[in-house]
1. Out of (1) modelled with pLDDT of 90 or more; (2) in a helix (DSSP H, G or I); (3) touching a strand residue (DSSP E or B) at 6+ places or on another chain (Cβ under 9 Å); (4) not aromatic (Phe, Trp, Tyr), the odd one out for residue 265 is which?
2. For segment 203-232, which residues satisfy the criterion of being surrounded by 19 or more Cβ atoms within 10 Å (Cβ to Cβ), small (Gly, Ala, Ser) and in a loop (DSSP other than H, G, I, E, B)?
3. If residue 211 satisfies every condition in (1) under 30 Å from residue 22 (Cα atoms); (2) of a type in the set (A, V, I, L, M, F, W, C); (3) in the same structural domain as residue 122 (by TED's automatic domain parsing); (4) modelled with pLDDT of 95 or more but one, which is the exception?
4. Could you run through segment 137-182 and say how many residues are in contact with a Ser or Thr (Cβ under 7 Å, 6 or more places away or on another chain) and without any contact (Cβ under 8 Å) to a residue 40 or more places away in the chain?
5. Being among the aliphatic types (A, V, I, L, M), farther than 21 Å from residue 156 by Cα and without any contact (Cβ under 8 Å) to a residue 60 or more places away in the chain is true for just one of 81, 69, 122. Which residue is that?
6. If residue 134 satisfies every condition in (1) out of contact with any Lys or Arg (no Cβ under 6 Å at 6 or more places or on another chain); (2) closer than 24 Å to residue 61 by Cα; (3) of a type in the set (A, V, I, L, M) but one, which is the exception?
7. Just checking, how many residues over segment 91-109 are part of a helix (DSSP H, G or I) and over 17 Å from the mean Cα position of the chain (by Cα)?
8. Count, please, the residues in segment 235-266 that happen to be closer than 16 Å to residue 38 by Cα and surrounded by fewer than 19 Cβ atoms within 10 Å (Cβ to Cβ).
Amino acid sequence: MALGAAAWLPAASATSTGAQTLTIVAPAAPGGGWDQTARAMQRALHDLDPHAAVQVENVPGAAGTVGLARFVSAERGRPDALLVIGLVMVSGIAMNGSAVSLADVTPIARLTGEHEVIVVPADSPHRTLQDLVATLRRAPQSVSWGGGSAGGTDDLLARLLAEAVGVPPAAVNYVAFSGGGEALAAVLGGQVTAGVSGYGEFAQSIATGQLRALATSAPAREPGLDAPTLREAGVPLDLANWRGVVAPPGISAAEQNALTARVRAMVASHAWKETLRRTGWSDLYSDGPAFRQFLLAEQSRVMAVIARLQAGRAATPSGVTPTSGTAPAVAVTLAAGLAALLVWQRRGPGRVTPAPSTPLSRSPGGSSRVAAIAAACLAQAVLMPLVGFVPAAATVFTTGAYALGSTRLRRDAVIGVAVAGALALLFGAGLHVPLPMGAWLP
């Protein structure tokens with residue numbers, strides 16, 4: 001152990017008191033998995049060498065890519081700095097179009113692996129994952145998922161789960177937080193329907209009964225956790241996060257080897273093994289060429305997954321927003337009103353004359369017809385959130401028919417409901433854009 005600890009001394013900077021220094025950058029806000037990893041390393045390294053001055057620096061933003069860019073530019077050539085990385089950063093680089101990638105840093109070691117867990121507040125009506133999936137299928141936007149940065153492991157799991165149960169990944173209502181502490185607070189406060197993160201970030205709240213675990217993304221049940229795997233719950237999906245550390249670019253091979261030796265000694269320490277036991281993290285340690293090859297393979301794998309998800313998002317018809325049915329509903333209904341106006345203009349005012357014997361014989365004419373249809377279209381935008389698309393659109397259709405001189409109000413109302421119902425089915429089942437059903441429906 002002493003030899004391992006001594007191996008890194010030449011590569012470390014020293015303070016005026018002679019204490020060796022090391023900065024560990026966590027590219028996320030305090031409370032998240034990267035921050036937990038950095039602080040666990042800080043404790044283990046201090047246990048290994050009480051005289052070492054190890055500090056943690058948080059640089060959150062954009063799935064770790066903000067911290068990565070700053071690390072590459074500001075720490076270049078420094079042999080006393082490490083950056084915590086992981087699957088979140090790999091996907092964040094791809095999804096955010098980062099100009100800096102993991103090819104710009106010096107690989108040191110992979111440390112841990114952790115599976116995801118899906119949780120809800122203890123008082124949530126969703127008692128099982130099947131309950132949550134049923135709601136997701138019925139109304140994707142009504143289920144909000146809280147987790148880490150957009151494009152990270154949490155985001156990927158939510159979208160892959162949706163894809164596995166037949167919901168377009170682009171329809172997922174994902175709320176990104178810069179750190180695990182913020183995500184946990186949002187779940188506990190009921191600001192989101194469900195939380196998605198590594199088990200370690202939610203473990204304490206699950207143990208105290210504040211959160212209920214619905215499922216994990218592990219291939220087998222997590223020891224000590226009373227929750228099924230996704231596969232046991234009927235979703236054919238596994239996903240594991242991993243974390244490691246890299247050094248800045250521009251350091252020498254000797255400095256890289258010294259940092260690797262220091263991390264290897266830390267992983268062998270009692271303090272680090274206790275950390276793995278307490279957090280439930282899996283020991284996935286690897287370094288050298290094996291870690292470099294792993295990074296290359298992981299980037300290819302993640303890029304393929306993201307390309308598939310983005311292809312699904314691109315398949316959404318142009319101009320149709322899957323996150324809300326209100327905009328397309330208004331557009332469809334206004335189009336119906338405009339169509340009625342065009343028909344009226346082609347036929348000419350006064351060519352359709354209602355029968356004198358009916359109460360509707362005083363049908364509006366000229367500008368009054370245009371005003372009636374315009375008023376119905378405006379009223380539709382107000383009525384739709386309350387009564388839903390079908391009644392609102394049927395009202396516009398019936399009003400338009402009356403404005404054009406129709407005397408069969410009941411028949412027109414039936415036709416209007418039938419046409420609106422068909423449009424609702426087309427948008428909901430065919431285009432995966434559920435139109436509003438009204439506040440009076442559950």
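The values are calculated or read from the model by the stated rules, or taken from the named source; none is laboratory data. In this text the structure is predicted, and so the values were computed from the model without any measurement. Note: ideal-geometry Cβ built from the backbone for every residue, glycine included; neighbour counts use all protein chains shown.
1. Here residue 265 meets the rest and fails (3).
2. Within segment 203-232, 217, 218, 227 meet the criteria.
3. (1)
4. 2
5. Details: 81 fails: without any contact (Cβ under 8 Å) to a residue 60 or more places away in the chain; 122 fails: without any contact (Cβ under 8 Å) to a residue 60 or more places away in the chain.
The unique qualifying residue is 69.
6. Evaluating residue 134 over (1) out of contact with any Lys or Arg (no Cβ under 6 Å at 6 or more places or on another chain); (2) closer than 24 Å to residue 61 by Cα; (3) of a type in the set (A, V, I, L, M) leaves (2) as the failure.
7. Restricting attention to segment 91-109, the residues satisfying the condition of being part of a helix (DSSP H, G or I) are 91-95, 102-104.
Still in the running and over 17 Å from the mean Cα position of the chain (by Cα): 102-104.
Residues flagged as part of a helix (DSSP H, G or I) and over 17 Å from the mean Cα position of the chain (by Cα) within segment 91-109 amount to 3.
8. Of the residues in that region, 1 qualify.
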